[in-house]
Structures are given as structure tokens and as C-alpha cells.
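This report concerns only the one structure given below.
The values are calculated or read from the model by the stated rules, or taken from the named source; none is laboratory data. This one's a predicted model, so the numbers in the text were calculated from it and none came from an experiment. Positions of Cβ are backbone-derived with ideal geometry, glycine not excepted, and every protein chain shown enters the neighbour counts.
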Amino acid sequence: MQDGLVASAAMSEVNQAASMLGQRIRAGDRSAEDELISTYRRGVFVIAVARTRDREAALDLTQEILIAILKALRDGQLRESAKLAAFIQGTARNLINNYLRTKAHHVEIELDDEAHSADLVEELESLERRRLVQRELESFSVTDQQILLLSLVDGHSLAEVAQRLNLSHDAIRARKSRAVRKITKKFARMSQS
């Protein structure tokens, strides 16, 4: 019970800070824009690398995403400032999806190269698996997404994740375990179909 209250208070502080940051950007505060970029750049980059598997493209996308977010905030497109992190995550997801869609349309298929065809099938299957995992991850809470991102993608220990998210080590371990089990079960059912 105590962990839940601490986590709730921590999330309330994070939401208040995000709300103030969004309002400062809307008011034209350049230091707030710098703060937003320094706070969210790494997370946006990690998401872009994970989705594209291309470091150079991820760097370009990170810049494009942050510019789009700043423009949207300046134009007052964020209705609820407390939901800044979700707004950033949604914008990143949409722009990365657009990039992947555009990239998929430009793939050239060499019909006379059977080996290339086999590689293409494997690549398409891999892309589909990643898309399904991404869709499943989007159904998780923001906190569970952060736990998986910090522990599995960034390689932080559960103790470090617990400290960053102001949750207990046991809570982080349990939430990570539940999330991984949920994904594993879903894909086990899909492979049996």
C-alpha cells in the first residue's frame, strides 16, 4: 500500500513538472525547450533505434520527432500538459511508423535472386514479429513500458530501474515479470495457431 502511495505521489510530481514544462514552451521559454530536449532525447532515440534497427535513421528520426513536438507545443496542440510524456511517445510512434511505411514502399525486390527472396521472407517475418511486439507493448501502462525499456533495452538493473521510477525493487520485478509473461503467452498462442 505504501509503495502505491509513494508511486502515486512521484507520478503526480512528474505530471506537474511536465505540465509546467509544456506551459513554459507554449509561452516561448527557450530554456524550457532545451530542458525538454535534454530530458526526452535519449528515450526517443532508444525507441527509434529499437523500431528501425538503424542507428543513422534513428538519429534523423529523433531530431525530426523533437522538432515536431516543439512545434506542436508552441502551437498549443497539447490539450493536457500533464500528459506530455504520452504526447511525446505518441508523436514518436506515429513519425516512426510513417518512416517505416515509407521505407517499406521503397524496398526493391529482385525476382531472379532466390537467395535474396528467402532473406526477404525472413526479414518480413522479423518485421511482422517486431510490429506485433510493439503493438502488444503499446497496450501496457506507461510505467510498465518504462520498466521494460530501461531493463531490457537500456540494460539497467532492476535496482536502478526501481530508483529511477521511485518504486520498490519487488514492485519492479513483479511488473517486469508479468509483462514478459503476458507477451510470451500471447506469442506462444499465436505460434500454435
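Inspection of the stretch 97-120 finds no residue satisfying the criterion of being at pLDDT 75 or above, over 28 Å from ILE25 (Cβ atoms) and acidic (Asp, Glu).
Within the stretch 60-79, the set of residues being in a helix (DSSP H, G or I), of a type in the set (A, V, I, L, M) and surrounded by 14 or more Cβ atoms within 10 Å (Cβ to Cβ) comprises LEU61, ILE65, LEU66, ALA68, ILE69, LEU70, ALA72, LEU73.
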